[in-house]
Amino acid sequence: MATTTTPEPLPAEPVITGRGVSGVLKSWWQHHPALSQQLRGFAVVALICTVISMTIFAILRPTMGNQWANVISLVLCSFLNTELNRHMSFGVSGRHLWWRDQRRGIWVMLLALTMTSGSLWALHEIAPQASLVVVLAVIVLGNVASAVSRFLLLRYWIFRRVRHGNPA
């Protein structure tokens with residue numbers, strides 16, 4: 001006895017052509033263009049500021065030690081980070097609310113400073129004679145750990161006016 005099956009109806013929405021995670025991510029990027037652009041800009045800014053910060057840190061470390069070199073490099077890069085994120089991640093131009101954005105950016109920098117200083121303290125307790133490469137890796141990992149919080153604070157606190165259609 002033969003059985004017949006009815007064909008399945010066509011889906012109402014387009015099917016994700018990619019497989020697995022890559023297909024889901026591609027679909028997500030396409031459905032969230034503003035957030036996608038912000039994340040891309042944030043990643044570029046993070047890369048630029050991390051390279052500059054680590055360079056400053058490596059230069060200052062021999063004379064100032066790990067903690068002071070970390071503080072100075074993060075403070076100097078904080079202003080650059082906020083300024084680049086204004087333009088590249090959130091599309092804010094002009095000087096309207098510039099001082100407010102920079103002041104709030106300092107609070108965000110304090111989060112990164114807390115995480116990296118805590119990481120350096122833990123490293124010193126575990127391996128007091130760690131090489132520069134290990135120290136830099138710990139700082140980068142501390143910055144990566146604070147990046148999610150930093151992006152959320154930038155998006156939902158400092159530059160929330162952009163999300164509400166009120167760019168400066």
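In nanometres, what is the gap between the two model label sites at Ala127 and Ala147, each 7 Å from Cα along Cα-to-Cβ?
2.1 nm
Using all Cα-Cα distances in the stretch 44-168, what percent lands in each 5 angstrom bin from 0 up to the longest?
2, 11, 22, 23, 16, 11, 8, 5, 2, 1, 0
Pull up all non-local amide H partners of Val92: gap of 5 or more, or a different chain, and H-to-H distance under 5 Å with H placed in the peptide plane.
Amide H neighbours of Val92: His87.
With a 1.4 Å probe and all protein chains left in place, how much accessible area per residue does the chain have, in Å²?
Solvent-accessible surface per residue comes out at 64 Å².
Using a Debye calculation, one point per C-alpha and no hydration shell, please list log10 I(q)/I(0) for the stretch 45-102 at q = 0.31 Å⁻¹ in order.
The computed values of log10 I(q)/I(0) come out as -1.16.
Using θ = phi - 60° and the Karplus form 6.51 cos²θ - 1.76 cosθ + 1.60, what ³J(HN,Hα) does each residue of the stretch 30-44 get, whole Hz, x for Gly and Pro?
Values per residue, Gly and Pro as x: 6, 8, 10, x, 5, 5, 4, 5, 5, 5, 5, x, 4, 5, 5 Hz.
For every other residue with a beta carbon closer than 12 angstrom to the beta carbon of Trp107, add +1 if it is Lys or Arg and -1 if Asp or Glu, then tell me the sum.
So the environment of Trp107 carries a net charge of +3.
How do 27-35, 52-60 rank on mean C-beta neighbours within 10 Å, highest first?
Descending mean neighbour count gives 52-60, 27-35.
Rolling a 1.4 angstrom probe over the protein chains, ignoring ligands and nucleic acids, what is the accessible area of Ser22 in square angstrom, nearest 10?
Looks like 80 Å² after rounding.
Can you order the peptides 114-122, 71-79 by their average number of other Cβ atoms within 10 Å per residue, highest first?
71-79, 114-122
Please report, for the Cα atoms of the stretch 99-138, the Rg to one decimal and the Dmax as a whole number; what are they, in angstrom?
For the stretch 99-138, the Cα-based Rg and Dmax read 13.5, 41 Å.
The values are calculated or read from the model by the stated rules, or taken from the named source; none is laboratory data. In this text, all values refer to a predicted model and were calculated from it rather than measured experimentally. When we count neighbours, we look across all protein chains shown, and the Cβ atoms used for this are built from the backbone with ideal geometry, even at glycine. We work out accessible area using only protein heavy atoms, side chains counted, and drop any ligands, DNA or RNA first. Shrake-Rupley method; radii C 1.70, N 1.55, O 1.52, S 1.80 Å.
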